[in-house]
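Here is the structure we will look at.
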Amino acid sequence: MPVRMKDKFVQEVSPKVAEKFGVKNKLALPKLEKIVINCGMGRELEGTKIKPQVRDQVLKDLAAISGQKAIMVASRKSVANFKVREGYEAHAKVTLRGVRMWEFFDRLISLAIPRVKDFRGLPDKAFDKAGNYSFGVTEQGIFPEINMADAAYAHGMNINFVFHNSDPEKSKYLLTEMGVPFRRPDQDN
């Protein structure tokens, strides 16, 4: 089954990136390696455990959004502001690769992001030195798979695009060509 975004990446975007940045070796081109969706629930801790209804809903929502089972992650550090202690399960995450990654990317760009209220574009400064891109969404309701009438708890999530063989300039160009709606410079706030 062909995946629309992967085909676009391989046939249209990769040649443009190679031409613009002078990359002659096909293996040296930047590529999207994985997408990680992370949801922190530290504020919902009751003692050492997260409220069961919140935990179940977040895991169910992440599974519906990604098409893959989410896992709970224990905190590596204690953060008093978020009521999180080292070793407590306070985050849920899903790592998407391959076909599921491309399908999620397609749904994110074409369905979810246009549903954000008062959307003015994604920040274009959220790249690290390896070219990975991260942004957050404030509510799970932007995804069509989620019925907010059934949701007892509204939560946001962080979405991270992890690249291989990239830097911020290449990643931004690649994502722009793939259709990611970045904020224009004249719309800085």
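The values are calculated or read from the model by the stated rules, or taken from the named source; none is laboratory data. What you see is a predicted model; the values in this text were computed from it and never measured. Note that we place each Cβ from the backbone using ideal geometry, even for glycine, and neighbour counts take in every protein chain shown.
If you take the residues in region 90-126 that are outside any helix (DSSP H, G or I) and basic (Lys, Arg), which one is nearest to the chain's Cα centre (by Cα)? Here the answer is Lys93. Applying the criterion of being touching a Gly at 6+ places or on another chain (Cβ under 9 Å) and loosely packed, with under 14 Cβ neighbours inside 10 Å to the residues of region 137-153, the residue that is modelled with the highest pLDDT is Thr138. Does Ala70 satisfy the condition of being farther than 27 Å from Lys93 by Cβ, without any contact (Cβ under 8 Å) to a residue 60 or more places away in the chain, surrounded by 12 or more Cβ atoms within 10 Å (Cβ to Cβ) and touching a Leu at 6+ places or on another chain (Cβ under 8 Å)? Judged against the criteria, Ala70 is not a match. Checking region 70-87 against the condition returns a match, with at least one residue being closer than 30 Å to Lys8 by Cβ and either in a helix (DSSP H, G or I) or in contact with a helix residue (DSSP H, G or I) (Cβ under 6 Å, 6 or more places away or on another chain) (or both).
Can Asp128 be described as free of Cβ contacts under 8 Å to residues at least 60 places away in the same chain and farther than 21 Å from Met101 by Cα? So Asp128 does not fit the description; no. For region 1-40, a tally of residues being of a type outside the set (S, T, N, Q) and in a strand (DSSP E or B) returns 9.
Among the candidates Ser66, Ser78, the residue that is at pLDDT below 85 and either on the phi > 0 side of the Ramachandran plot or among the small types (Gly, Ala, Ser) (or both) is uniquely Ser78.
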